[in-house]
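Structure record follows, encoded as structure tokens.
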Amino acid sequence: MAAPAASTRASGQAPLLGIGQVLARLQPEFPDLTPSKLRFLEEQRLVSPARTAAGYRKFSTADVERITVVLSMQRDHYLPLKVIRTHLEAVDAGETPALPGATSAAAFLAGARRYRRDELIAEAGATAALLDDAVSASLLPAAEYHGDEALGVLRSLVALRAVGIEPRHLRGVRAAAEREAALVERAIAPSRRADAADKARAAERGLELAGHLEAVHASVVRASLGRLAR
């Protein structure tokens, strides 16, 4: 079913947003978000923006929240879009399904926040110097706003600093992550054609592969630490 034609402002509601406005709102937290990615999410029936009489997409506040849920589940839990779509369809039908390996979509919507620098520092119990060190070590981006993932990283850095592990000691973590990212990029390169939809599918596959690499990495670290119990 085609989306209804959109007006610039629905009565009593917030104004609808164009693609550029959605990107401006979400790219600080999701730097890789592009117009092609938004169109791909629509093709995959994950979001259904309204259309103007001229055919331009217009996104509501609910659409933007839904996109945030989808991108967060992809980024933080490496879930494929088909799993996310099935989950959201069940939520739309009034069900409360469990989502493998992730918090529910309702919890994402209820708890997702964007933090300014000072808010992030206060929420994490960190210092401005620690955040600056994390940015310098490329463990966190130098962004105006941060999401829950950045909050989790900064909280972990607070705990690590308490035992003498500083962000500068973790530069190797960043280097290892970049090497693993290069492996994934080479693996998906054959499927990255010029078509925007193919690129979006390849990016989704890349996130899935990153999840597998993360599982292997965690297992190796646990095995290495097993000697402490001997």
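Table for the structure above
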read-out: Estimated inter-spin distance, THR127 and ALA24, nm [label 7 Å along Cα→Cβ]; value: 3.8 nm
read-out: Efficiency of FRET from Cβ geometry, ASP198 and THR52, R₀ 30 Å, rounded to 0.05; value: 0.60
read-out: Rounded if a/c under 1.5, otherwise prolate or oblate - the range 19-111, Cα gyration tensor axes; value: prolate
read-out: Those GluC sites (Glu not before Pro) in the range 108-165 that DSSP places in a loop and that have at most 12 other beta carbons within 10 Å; value: GLU144
read-out: Principal axis box of the range 114-165, alpha-carbon based, largest edge first, Å; value: 28, 20, 17
read-out: Packing-based ranking, highest mean first, of 40-49, 177-186 given that Cβ atoms within 10 Å are counted; value: 40-49, 177-186
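Taken together, the values in this text are just the output of simple stated rules run on the coordinates, not laboratory data. All values reported here derive from a predicted model rather than from experimental measurement. We place every Cβ from the backbone using ideal geometry, glycine too, and count neighbours over all the protein chains shown.
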